[in-house]
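See structure below.
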Amino acid sequence: MNRRTLLKRSLAAGAVGVAVSAGLLTPGQVLAAYPKDAFAAKDVGSALKAALGSDSMTASGDIKIKAPDIAENGAVVPVTVSTGMGDVESISILSEVNQNPLIAVFNLPAAEPYVSTRIKMGKTGNVVAVVKSGGKLYSAKKEVKVTIGGCGG
Amino acid sequence: MAKSIKLRAKAKKGIVTVKALMSHPMETGLRKNKKTGKLIPAHHIQEVTAKVNDKLVLEGLWGGAISKNPYLSFKYKGSKGDSLTLSWVDNKGQSDSATTTVK
């Protein structure tokens, strides 16, 4: 962003605009380091180790994954993960069949244990949700059948 | 990269549901350009942060496997009138943010 648009936006939106612009200039301050290795990992275990420090998980029935049974288009698979557990530190979403299984890690310092987003899946396989609660990892899986892959050319 | 974020937040019984839609190509870096056979370089959002009244509530670390024009919804304990800011940074260092007032 250059100075001109900054000025324009500040004038147009008043105090809110200034706050946004100020926020824009320092986006990286509060963030944890981006775990590049975790996203480049080729299997679920090493991705989890890199992202969350461990890959020992307990299967839990208390994690709900809402995803379609059959996804027509693998490029857009809506996935919602929620859990009734308390003290949830993070929710991660992985796809076992993707080249790089780790899709996203959501750290939740003050949010409810609920995230909803849309992911890409290369082919039919399991969506894995990993919840970190009280320092331990819990997981759940759901199979999604993909008729058109989302990661091909 | 001004208006790349659509942001809505609604309070109901002490829980605020936030819905955000960002426009971004989200290239994985694994796709090939069919004509040249070369890989299309990765270009995707890496970090998304949500702040309420300047306090961090959610931080998302994303790979390229989030769909194009990402959608994100989450909930937090809050109320009407909260000032909510959502911002993202991608792997090329571009960024954007949007602020809304919870309804």
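The values are calculated or read from the model by the stated rules, or taken from the named source; none is laboratory data. Note that the coordinates shown come from a computational prediction; the quantities given were computed from them, not determined experimentally. Quick reminder, even Gly has a Cβ in these numbers, built from the backbone with ideal geometry, and neighbours come from all protein chains shown. For accessibility, only protein heavy atoms count, side chains too; no ligands or nucleic acids. Shrake-Rupley method; radii C 1.70, N 1.55, O 1.52, S 1.80 Å.
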Fill in: Span per principal axis, largest first, for the Cα atoms of the stretch A:36-148 (Å)
38, 28, 22
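Roughly how big is chain B's charge dipole about its Cα centre, with Cβ charges of +1 (Lys, Arg) and -1 (Asp, Glu), in debye to the nearest 20? Each step should come with its number before you reach the end.
On the way: 20 positive and 7 negative charges, 112 e Å.
The calculation lands at about 540 debye.
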Worksheet entry | Interchain or long-range residues, amide H under 5 Å from B:Ala42's placed H | B:Gly29
Worksheet item: At a probe size of 1.4 Å, how large is the accessible area of A:Asp87, to the nearest 10 Å²?
Response: 110
Practice prompt. Do me a favour and compute the ellipsoid semi-axes for the stretch A:58-122 from its Cα gyration tensor, root of five times each eigenvalue, largest one first, whole Å.
Written response: 22, 13, 11
Item to complete: At a 1.4 Å probe radius, which order do B:Thr17, A:Thr58, A:Thr117 fall into by accessible area, largest first?
Response: A:Thr58, B:Thr17, A:Thr117
Fill in: Top positive-direction residue, dipole computed over the stretch A:50-153 with Cβ charges, set A:Ala111, A:Thr83, A:Val127
A:Val127
Item to complete: With a point put 7 Å past each Cα toward its Cβ, work out how far B:Lys55 is from A:Thr147 in nm, to one decimal.
Response: 4.7
Worksheet item: Out of B:Ser23, B:Gln46, B:Ser87, whose Cα points farthest toward the positive end of the dipole of chain B (charges: +1 Lys, Arg; -1 Asp, Glu; placed on Cβ)?
Response: B:Ser23
Worksheet item: Can you give the extra length, in nm with one decimal, that the chain gains between B:Lys35 and B:Lys13 once fully stretched, where that is 0.36 nm per residue apart less the Cα-Cα distance?
Response: 2.5 nm
Worksheet item: Which whole-number percent gives the relative contact order of chain B, counting Cα pairs below 8 Å spaced six or more residues apart?
Response: 34
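If we count every other residue with Cβ under 11 angstrom of B:Lys38's Cβ, Lys/Arg +1 and Asp/Glu -1, where does the sum land?
On the way: positive: B:Arg31, B:Lys32, B:Lys34, B:Lys35; negative: none.
Within the 11 Å Cβ shell, the charges total +4.
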Worksheet item: Just from the alpha-carbon atoms, what are the Rg and Dmax of chain B in angstroms?
Response: 15.6, 55
